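Note sheet for the following structure.
Derivation of every value follows stated rules applied to the coordinates shown; laboratory data play no part. Remember, predicted model here, so these are calculated numbers, not experimental data. Positions of Cβ are generated from backbone atoms using ideal geometry, with glycine treated the same way; all protein chains shown enter the neighbour counts.
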Amino acid sequence: MMLKNPKVSVVINNYNYERYLGAAILSALGQTYENCEVIVVDDGSTDGSRAIIESYGDQIKAIFKENGGQASAFNAGVEAAVGDYILLLDSDDELEPVAVEVSLNKIDPSAARLMYQLRTIDSEGQVTGNYRTGKPTEFLGTLGESVLKQIGATATPTSGNFFRASALREVLPMPTDAYRICADAYLFMKVHEFGLVQKILDPLARYRVHENNNFFNSDGRFGLKDNDLRRFLVNWLNVASLLEGYFSVCEKERKVAAMGCFTKLTVVELISDARVRRLDIDQLKDWPKPTILFIAFRCLFDRKSSSRSVIRDLFGVGTICMNEVLPRKFSRALHRKLANYKR
């Protein structure tokens, strides 16, 4: 049953995004639905973020904390929230004015999380015409069903989600050391132990693509230092292991197919790269050669891309094949050459 005039908490997490932070806060304050609170969690920023946050006075609830990573920021923000529903917003993104109103009108009582379309914008806020939400389809069902139907319901960026607060609080606080990054994906997995996933087609937020919002970029991933690669993969593989738990009763082939729906080709390249480097990551043992090759080709053939992206994907699959088939010394030599190669 839908509550009458429910309270909604918009929780903005920020770390060194002073350039975009003001726009994110204004988009949260400018909602057409009035019964909202805006909470801004600053995770130990070293730029001018604090002054921007303080300039909004009592319009927002500000939380300043030492840097602890994304999980700790989410923990602090949700703990302070009093809303019946919670919308998490990255500080480099923006909400459409009707985001909360439409989400409240459309969320099903059985849903723990509602996800909506994200328009992409560039660093200057101009709409690019692309979206970040997987297949353009509506959905209401379990997490397992959403993955097997490949609707993209597990990997939506933070700002594309509207949570039932009671479900979200069941899974928090989350482990902070294990999820300094990829903490949003942890929430997506665990929250569905307490309700269904729902997807709508309404574009309710804007996802900003800029030079600093990716942990690695497509040209530089082969040049990642071992520690950076390990840090990313440990976080990602922790999340992947959560998803695998939903398929514990499935036959092996179906489980691999499900993981393929969740995995992007660039991540498979990084997993393969880590194997070539022989990094000490326990979870890599769950990604043997046949699984890596199967998912790499699945990513390639499932994707509808521009010609430039297709070329990039073919290059990626070729690299993975060489990693997994050639002797290790040849693969290492290949990566040294690619580290400085711009595609």
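The table below lists the values:
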| item | result |
| --- | --- |
| Simple label model, 7 Å out from Cα along Cβ direction - residue 202 to residue 7, nm | 2.3 nm |
| Label-point separation in nm, residue 297 to residue 226, each point 7 Å along Cα→Cβ | 3.3 nm |
| Gain on full stretching of the segment that runs from residue 209 to residue 193 - 0.36 nm per residue minus C-alpha separation | 2.6 nm |
| Listed pairs 61/135; 199/225; 225/289; 4/106 exceeding 26 Å between Cα atoms | 61/135; 199/225 |
| Euclidean distance of C-alpha centroids, segment 108-122 and segment 1-79, integer Å | 18 Å |
